[in-house]
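A short write-up of the structure that comes next.
The values are calculated or read from the model by the stated rules, or taken from the named source; none is laboratory data. Since the model is a prediction, treat every value here as computed from it, not as a measurement. FYI the Cβ positions are ideal-geometry reconstructions off the backbone, even for glycines, and counts take in every protein chain you see.
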Amino acid sequence: MFKKIEHIGVAVKNIKDSLHIFQDIMGMECSGIEEVEEQKVKTACLPIGESKIELLESTSPEGTIAKYIEKRGEGIHHIALEVDDLNAVLTDLKKKGVELIDREPRYGVGGTKIAFLHPKSTNGVLIELCEHKA
Ligand code: ZN
């Protein structure tokens, strides 16, 4: 059902400052910056082997990332797991009583289909499920 850790999402106040650390100091490479307007977020992608770090900066004080940082400060926000068939996984998990934030897949970075599970059901870890375009 789960193929790999697709990425780890890190909430940051300012992508430029974070890229200075991850890119300039640590030497990782940024493969692209993308804004997902619907989620009020700007992302920067840093591939590492088969996985990546996804930096998340809120584009609005009302955005979920801004609210997260307000409450908990910067840091790991979610873990994204790649799946083959997001609809099938959502149906299966719902049946098993896992609480879903997204009942239907929505669009994420790079045209992927994504859905979040409620951290209440997963030991406080916010899990994003992610299906790549075929
Ligand atoms: Zn993500």
If Val83 satisfies all but one of (1) of a type in the set (Val, Ile, Thr); (2) surrounded by fewer than 13 Cβ atoms within 10 Å (Cβ to Cβ); (3) under 23 Å from Lys4 (Cβ atoms), what's the number of the condition it fails? (2)
Does the range 98-119 hold any residues that are at pLDDT 95 or above and either loosely packed, with under 14 Cβ neighbours inside 10 Å or at positive phi (or both), and which are they? Glu99, His118
Among the numbered conditions (1) touching a residue at least 12 places away in the same chain (Cβ under 8 Å); (2) part of a loop (DSSP other than H, G, I, E, B); (3) of a type outside the set (A, V, I, L, M), tell me where Pro61 comes up short. (1)
Identify all residues within the range 1-49 that are in contact (Cβ under 8 Å) with a residue 12 or more places away in the chain, outside any strand (DSSP E or B), out of contact with any Asp or Glu (no Cβ under 9 Å at 6 or more places or on another chain) and of a type in the set (D, E, K, R); write none if there are none. Glu29, Glu37, Glu38
How many of the residues making up the range 11-59 are closer than 26 Å to Arg106 by Cβ, small (Gly, Ala, Ser) and surrounded by fewer than 17 Cβ atoms within 10 Å (Cβ to Cβ)? 3
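Looking at Ile69, is it away from the ligand (no atom under 13 Å from the Cβ), in contact with a Ser or Thr (Cβ under 8 Å, 6 or more places away or on another chain) and of a type in the set (A, V, I, L, M, F, W, C)? I'd like the intermediate steps shown before the answer.
Details: away from the ligand (no atom under 13 Å from the Cβ): yes; in contact with a Ser or Thr (Cβ under 8 Å, 6 or more places away or on another chain): yes; of a type in the set (A, V, I, L, M, F, W, C): yes.
In short, yes.
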For Asn87: the one exception among (1) in a loop (DSSP other than H, G, I, E, B); (2) within 24 Å of His132 (Cα to Cα): (1)
Residue match in the range 122-134 (condition: modelled with pLDDT of 95 or more and farther than 20 Å from Ala11 by Cα): yes
Return the residues of the range 90-112 that are assigned to a loop (DSSP other than H, G, I, E, B) and away from the ligand (no atom under 13 Å from the Cβ); say none if nothing qualifies. Lys96, Gly97, Val98, Glu99, Arg103, Glu104, Pro105
